[in-house]
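To keep things clear, I will list the structure first and then write my remarks on it.
The values are calculated or read from the model by the stated rules, or taken from the named source; none is laboratory data. Please read these numbers as outputs of a predicted model, since none were measured by experiment. Cβ placement follows ideal geometry from the backbone for every residue including glycine, while neighbour counts extend to all protein chains displayed.
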Amino acid sequence: MTDTVAIGASRAKDTPAAVNRAVAGPRVNGKVVVMTLYLLFLMLPIYWLVNMSLKTNLEITSGLTLWPREITFDNYIRIFTDESWYSGYINSLTYVVINTVLSITFALPAAYAFSRYHFLGDKHLFFWLLTNRMAPPAVFALPFFNLYSAIGLFDTPWAVALAHCLFNIPLAVWILEGFMSGVPREIDETAAIDGYSFPRFFIKIFMPLIASGIGVAAFFCFMFSWVELLLARTLTTVNAKPIAATMTRTVSASGMDWGMLAAAGVLTIVPGALVIWFVRNYIAKGFALGRV
Amino acid sequence: MNKTLNHKAWFLVLPVFALVAFSAVVPLMTVVNYSVQDTFGNNQFFWNGVGWFAELLDPSRELGGRFFDALWRTLLFSAIILAIEIPLGIAVALAMPREGWTVALCLVLMALPLLIPWNVVGTIWQVFARGDIGLLGWVVNHLGIDYNYTGHSLDAWVTIIVMDVWHWTSLVALLCYAGLKSIPDAYYQAARIDGASRWAVFRTIQLPKMRRVLLIAVLLRFMDSFMIYTEPFVLTGGGPGNATTFLSIDLVKLALGQFDLGKAAAMSIVYNLIILAICWVFYTVMTNVDADRERVEA
């Protein structure tokens, strides 16, 4: 019953269901058309990718077919049995998880400080953090390469995880600060009067209160670390190579292996789809960085 | 919320400060270092002063011409992206269902493109838009339009723009949806009693309430399109010719392709300064909007 704009004032005493059926009918259809067209536009390229991943290369190159004539799972089987393929997934997930844990752990106290206190240079510091979220990775690719080679982290998941902190920590601080500002100060004060020490209050009382915010921030760290490739590719060669970079292997002497490329692409979508499902109810608020 | 003054809060911020300084300031100093030196290989460097900057900012020189071409291209791209994605995102947000299981379905499907690695996005469209094995390219070609994104620069631009709309419009839509959800029912009921038209409701209730999130949307979309790299690199590689060579692509070519460290570093710094300036404008506007809002609410 939030959809009440067009409902005439005279109908205010009708039952909600009846009002919806009687008045909102034609307008809802317009919305449905827009939404359906948009979702169709979003799904078409993905459908094509899935379609291709289930075909043999012969079928792909011999003409356009809207669905696989002979469904084959060979492409997927090869990815899951060949170590050089599936290790790419393990590498990617490793640095993404390290990065998410690092970002959240570091960002939590900082976000609390920004949401509760004024301190020397707080505005400037916040702006400086924000600029790092906006800095183009292309600028950092070469210096990062030098830096992590010099300290011996090159080609390890840690190099990528630390590099991704550059844009994920500012983002996490930003989101968490938004959510924390929604928690009234009185809670902090009451806890202090009740004799809670700060760390105990923070972990026992405060963190459960902003649990959804932490979930959303973790989701965004996961997301931006998972989709970034320029830095991840520059900082790895063999041992920590991410799956998205492994995909370029499908260009071989015998031409493109389209089926494999498509199957690997489909598998990179799956982790994202899984995490969206868990945060679907908070996702909109999260995209607004906790500030609506 | 009124905050208390407490300089000890710095201790809470210190870990973040140290970590981000390590991964931002140290590399940035390397860039500054390179930008004022020249090298003839062998790791020997010579002081070059502002030589690279002078060359970079002079459109009549080869480096400068290349830089400004890429800059205008990137700005044009960002402008087109904002002009399409912001209105479309608002329209999609207004079309979102308000309740029921379809809400979750729409949210998940809309967020899906955002979670795809950026080079996979490039790959998906590379395949999808091909004339021989891609659905889009095949259909367009069979409609009698001569479409080939690797051959014609206009086609390459259209493909990249459609790809970006596909990839990022959902971000704008989700932000606007979050803004719309925060409008209390009472506002709509008041509008209904006043007999406000659909357009009036949008202009006077929905748009002002979305101002804050729209600002974030414009900021994020502008920044991300201004530093776009992976998707066009995979799709067109900057071609045909230099038609889609945006600033990041040019920079990476210069730095990691030709290892022209001095020129690349000078370009990085100017690029970064542009972003810093734009970011500052947005930040100032945003803080002012917040201040306004707090004054209204108080």
Taking B:A265 and the conditions (1) assigned to a helix (DSSP H, G or I); (2) under 25 Å from B:L171 (Cβ atoms); (3) within 23 Å of the chain's Cα centre (by Cα), which numbered condition does it fall short on, given that it satisfies the others? (2)
Looking only at segment B:2-34, count how many residues are within 30 Å of B:F53 (Cβ to Cβ), touching a Leu at 6+ places or on another chain (Cβ under 9 Å), crowded, with 16+ Cβ neighbours inside 10 Å and not aromatic (F, W, Y). 6
Among the residues in segment B:178-192, are any assigned to a helix (DSSP H, G or I), more than 30 Å from B:G131 (Cα to Cα) and among the β-branched types (V, I, T)? no
Within segment A:215-236, is there a residue that is more than 30 Å from A:L142 (Cα to Cα) and free of Cβ contacts under 8 Å to residues at least 12 places away in the same chain? no
Within the group A:Y95, A:Y112, A:Y47, which residue is at pLDDT 90 or above and closer than 30 Å to B:G89 by Cα? A:Y47
Mind checking whether some residue in segment B:214-231 is touching a residue at least 40 places away in the same chain (Cβ under 8 Å), more than 26 Å from A:P45 (Cβ to Cβ) and within 9 Å of chain A (Cβ to nearest Cβ)? yes
Scan of segment B:74-119 for residues that are charged (D, E, K, R) and within 11 Å of chain A (Cβ to nearest Cβ), ordered by number: B:R98, B:E99
Among what's in segment A:198-214 and is under 25 Å from A:L130 (Cα atoms) and crowded, with 18+ Cβ neighbours inside 10 Å, pick the residue that is modelled with the lowest pLDDT. A:G213
The residue from A:L108, A:L58 that alone is in a helix (DSSP H, G or I) and more than 10 Å from chain B (Cβ to nearest Cβ) is A:L58
Mind checking which pairs have a first residue in segment B:190-203 that is within 9 Å of chain A (Cβ to nearest Cβ) and a second that is exposed (fewer than 15 other Cβ atoms within 10 Å of the Cβ) and in a helix (DSSP H, G or I), Cβ under 7 Å, 6 or more apart or different chains? B:R192/A:A9; B:I193/A:A9
If you scan segment A:171-197, which residues turn out to be in a helix (DSSP H, G or I) and loosely packed, with under 14 Cβ neighbours inside 10 Å? A:E186, A:I187, A:E189, A:T190, A:A192, A:I193
Output yes when any residue across segment A:77-88 is in a helix (DSSP H, G or I), surrounded by 21 or more Cβ atoms within 10 Å (Cβ to Cβ) and under 19 Å from the mean Cα position of the chain (by Cα), and no when none is. yes
